[in-house]
Amino acid sequence: RARLESGQLRRCLETAVGCRLEEPVFSLSGGRVEATLTSRRCCSVVQAGLCVPSEEDAPCGDSIRMFEDGHDRFYALISDGMGSGSEAAFCSGLVTVFLEKMLSAGNGVETSLRMLNGVLRSKGGAWESECSATVDLFTLDLLNGQASVIKSGAAPTYIRRGGDVFRLRAETVP
């Protein structure tokens, strides 16, 4: 019985639920009018990546992966395979593919990293030497804009915000 325009209804509900919403879609069901509103992303991401091998014609020991899951989360991942050449490339590639599959399937970051450690301890299942790699994982909730950086065995990361510089570092070994 309230008389609101669709934009007013959306703004009221955004305040109530604490996130941005799309314009309502109205439908008739059983003699009632139903309004459906879905959450709207507050941000978007432009993706880019680059990996430069230490020697010409050698595989790069670092792997970069950026992807979204089906739940409005974006991930950017850098993995540095310890060592050089094909062994380092194998380890960092294993890390990035494994984490993309696990996170895209809806698994949590902590669970995915624990399982990854098990895979790396088993030497990747196919490598005869030690398989170690670092992880820098950036996560972004595309609905509310909250982000986090997770580090595993990686060197410090420096973040500049305005005129301040913050150092993030991991307490774990690769």
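Residue count for the stretch 1-26 under the criterion of being farther than 18 Å from Ala147 by Cβ and surrounded by 10 or more Cβ atoms within 10 Å (Cβ to Cβ): the result is 17. Listed by first and then second residue, the pairs with beta-carbon distance under 7 Å, at least 6 apart or on different chains, first residue in the stretch 157-174 and surrounded by fewer than 10 Cβ atoms within 10 Å (Cβ to Cβ), second at pLDDT 75 or above and assigned to a loop (DSSP other than H, G, I, E, B), are Arg167/Pro156; Val173/Gly153. Reported count of residues in the stretch 141-165, each being more than 19 Å from His71 (Cα to Cα) and assigned to a loop (DSSP other than H, G, I, E, B), is 6.
Within the stretch 93-122, the residues that satisfy the criterion of being among the polar types (S, T, N, Q), touching a helix residue (DSSP H, G or I) at 6+ places or on another chain (Cβ under 9 Å) and either open to solvent by 40 Å² or more (accessible area, probe 1.4 Å) or touching a residue at least 60 places away in the same chain (Cβ under 8 Å) (or both) are Asn107, Thr111.
Of Ala105, Ala147, Ala155, all but one fail to be at pLDDT below 90 and among the hydrophobic types (A, V, I, L, M, F, W, C); the exception is Ala155.
Of all residues in the stretch 81-92, those being open to solvent by less than 50 Å² (accessible area, probe 1.4 Å) and of a type in the set (A, V, I, L, M) number 2. Taken over the stretch 31-80, the criterion of being at pLDDT 85 or above, surrounded by 15 or more Cβ atoms within 10 Å (Cβ to Cβ) and more than 20 Å from Asn144 (Cβ to Cβ) is satisfied by Asp62, Ser63, Ile64, Arg65, Leu77, Ile78, Ser79, Asp80.
The values are calculated or read from the model by the stated rules, or taken from the named source; none is laboratory data. This structure is a prediction, so every number in the text was calculated from the model and none was measured. Cβ coordinates were reconstructed from backbone atoms using ideal geometry, including for glycine residues, and neighbour counts include every protein chain displayed. These accessible areas exclude ligands, DNA and RNA; they are computed on the full protein's heavy atoms, side chains included. Shrake-Rupley method; radii C 1.70, N 1.55, O 1.52, S 1.80 Å.
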